[in-house]
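**Student:** Structure in structure tokens, see below.
The values are calculated or read from the model by the stated rules, or taken from the named source; none is laboratory data. As the structure is a prediction and not an experimental result, all values here were calculated from the model. With ideal geometry, Cβ positions are generated from the backbone for all residues, glycine too; neighbour counts draw on all protein chains shown.
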Amino acid sequence: MKIACTASYPNENQLRELGDNFYKVQDFGLIVGKEYLVLGLSYDIDSCWGNAITVSFFEDDHLVRAPIILFSITDPRVSRHWEARKAEDGSLSLWPALFYEDFFHDRLSDYEQEAREAFHKVYLLLDNEYT
């Protein structure tokens, strides 16, 4: 799945839809008009993203999540490498298996070499689905 950024921050109507738990001082670092490869989807309930479907993508050497309302879908094909998992609070995620490993996101953010190499392999698998 590929998406293009249509807005860098939710407008007032979108903020109401996201709900009171949306953390309003977030900066997603988005570039309007830029296309992103979606690495995963999540349906979040009462999280810092509010009640929203969020997309995960890689930008500026970081894994980023942002509400899908800030994007248009440019390629609707979903990855065959995604696995669905439901959390106890009812939230749902569709991510590559690697993303579910304990502390993977922390290790990736900490620039741990092994996590970075594993992430790069998964990224290439996902990206090659669209070439």
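**Student:** I'm checking my understanding of the structure. Among residues of the stretch 27-37 that are free of Cβ contacts under 8 Å to residues at least 40 places away in the same chain and surrounded by 14 or more Cβ atoms within 10 Å (Cβ to Cβ), which one is farthest from the chain's Cα centre (by Cα)?
**Tutor:** If we filter the stretch 27-37 for residues that are free of Cβ contacts under 8 Å to residues at least 40 places away in the same chain, which is where we start, we get 27, 29, 31-36.
Subsequent filtering for residues that are surrounded by 14 or more Cβ atoms within 10 Å (Cβ to Cβ) retains 35-36.
Details: 35: 13, 36: 10 Å.
If we take residues in the stretch 27-37 being free of Cβ contacts under 8 Å to residues at least 40 places away in the same chain and surrounded by 14 or more Cβ atoms within 10 Å (Cβ to Cβ), then 35 is farthest from the chain's Cα centre (by Cα).
**Student:** Next up: Taking the residues in the stretch 97-117 that are out of contact with any Lys or Arg (no Cβ under 9 Å at 6 or more places or on another chain) and within 17 Å of residue 83 (Cα to Cα) as candidates, determine which candidate is modelled with the lowest pLDDT.
**Tutor:** Within the stretch 97-117, the match that is modelled with the lowest pLDDT is 105.
**Student:** Run down 71, 58 and say which single residue is touching a Cys at 6+ places or on another chain (Cβ under 7 Å), closer than 23 Å to residue 5 by Cα and aromatic (Phe, Trp, Tyr).
**Tutor:** Every option except 71 fails the conditions.
**Student:** I need the full set of residues from the stretch 19-49 which are out of contact with any Gly (no Cβ under 6 Å at 6 or more places or on another chain) and either of a type in the set (Asp, Glu) or in a strand (DSSP E or B) (or both), in order please.
**Tutor:** Listed by number, the residues that qualify are 20, 27, 35, 36, 37, 40, 41, 42, 43, 44, 46, 47.
**Student:** Step by step: first the residues of the stretch 1-18, then only those that are assigned to a loop (DSSP other than H, G, I, E, B) and among the small types (Gly, Ala, Ser), then the one that is nearest to residue 61 (Cα to Cα). Which residue is that?
**Tutor:** 8
**Student:** On the given criteria, is residue 123 in a loop (DSSP other than H, G, I, E, B) and not basic (Lys, Arg)?
**Tutor:** On the way: in a loop (DSSP other than H, G, I, E, B): no; not basic (Lys, Arg): yes.
Judged against the criteria, residue 123 is not a match.
**Student:** Which one is surrounded by the most Cβ atoms within 10 Å (Cβ to Cβ) among residues in the stretch 2-18 that are in contact with a Gly (Cβ under 9 Å, 6 or more places away or on another chain) and aliphatic (A, V, I, L, M)?
**Tutor:** Only one residue fits best here, namely 18.
**Student:** Please go through the stretch 101-127 and give me each residue that is surrounded by fewer than 14 Cβ atoms within 10 Å (Cβ to Cβ) and of a type in the set (Asp, Glu), ordered by number.
**Tutor:** Selection gives 101, 102, 106, 110, 114, 117.
**Student:** What about residue 52, is it of a type outside the set (Lys, Arg) and part of a strand (DSSP E or B)?
**Tutor:** On the way: of a type outside the set (Lys, Arg): yes; part of a strand (DSSP E or B): yes.
Yes: the conditions hold for residue 52.
**Student:** List, please: which pairs have Cβ atoms under 7 Å, are six or more places apart or on different chains, and start with a residue in the stretch 84-96 that is free of Cβ contacts under 8 Å to residues at least 24 places away in the same chain and end with one that is surrounded by 12 or more Cβ atoms within 10 Å (Cβ to Cβ) and not in a strand (DSSP E or B)?
**Tutor:** Within 7 Å, the pairs are 85/100.
**Student:** Another question, if that's okay. What's the total number of residues in the stretch 84-100 that are exposed (fewer than 13 other Cβ atoms within 10 Å of the Cβ) and not in a helix (DSSP H, G or I)?
**Tutor:** Within the stretch 84-100, residues that are exposed (fewer than 13 other Cβ atoms within 10 Å of the Cβ) and not in a helix (DSSP H, G or I) number 6.
**Student:** Continuing with this model, one more query. Please work out which one of (1) in a strand (DSSP E or B); (2) in contact with a helix residue (DSSP H, G or I) (Cβ under 8 Å, 6 or more places away or on another chain); (3) modelled with pLDDT of 95 or more is the condition residue 63 fails and give its number.
**Tutor:** Of the numbered conditions (1) in a strand (DSSP E or B); (2) in contact with a helix residue (DSSP H, G or I) (Cβ under 8 Å, 6 or more places away or on another chain); (3) modelled with pLDDT of 95 or more, the odd one out for residue 63 is (3).
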